[in-house]
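Each reported figure results from applying straightforward, stated rules to the coordinates on display, with no laboratory input. Only a predicted model underlies this, so the values are computations on that prediction, with no experimental measurement involved. Every residue, glycine among them, receives a Cβ derived from its backbone with ideal geometry; neighbour counts consider all protein chains shown.
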């Protein structure tokens, strides 16, 4: 929140620390934009010129040059209206939440498959109690075949089919928010390496990538 000048009553500009926080936040958004595929990028609302700059920036792979270009992209993003940045932020947050839920769901499916292979009928009985419509005989056969594949070091056909069967069975399950949050580290980008490199010159619009 901006303060007021005690004498004039006018709003003061953002403090240095606030400028830094805001710039680092935009830097993180820029980094996440660079990590998007083409289809995901096309779905993010932003001016065409900025989208083209993201595409150009993705082509730079050399570490130092890419880091410099990332900062240049973030600087250009800070020139956009707040509404543009807010729209980008909301879209990326929605995508991140979806990714967390999907990662948590896949983790749950993998855990169930492993339990079925390790615990056998005991785990199967628990699964059937939660999903009465499940095909018990089909699941038992898949578990038996997957175990045999593992023992004989054969291609994991039944192992994969068991996963697909569980995925279909649990398609309507809602992932718990806490469980989804546990996958955050796997889906988030990081700007730790950029924090130390951020300096006052980054507020200067005359700076460009080189």
## Note on the structure
Given a Förster distance of 45 Å, the FRET efficiency implied by the Cβ-Cβ spacing of residue 147 and residue 96, rounded to the nearest 0.05, works out to 0.75
### Task
Based on the mean of other Cβ atoms within 10 Å per residue, sort peptides 24-31, 44-51 so the most packed one is first.
24-31, 44-51
#### Entry: Relative packing of 34-43, 112-121, which averages over residues the other C-beta atoms within 10 Å, highest first
112-121, 34-43
### Task
Could you work out how far apart the two model spin labels at residue 89 and residue 126 are, taking each label as a point 7 Å from the Cα in the direction of the beta carbon, and quote it in nm?
4.2
#### Entry: Square roots of 5 times each gyration tensor eigenvalue, C-alpha, region 30-105, largest first, Å
21, 16, 11
### Summary
Ranked output for segments 76-88, 52-64 by mean other Cβ atoms within 10 Å, highest leading, reads 76-88, 52-64
### Task
May I ask for the Kirkwood hydrodynamic radius of region 58-148, worked out over all distinct Cα pairs and given in angstroms to one decimal?
17.6
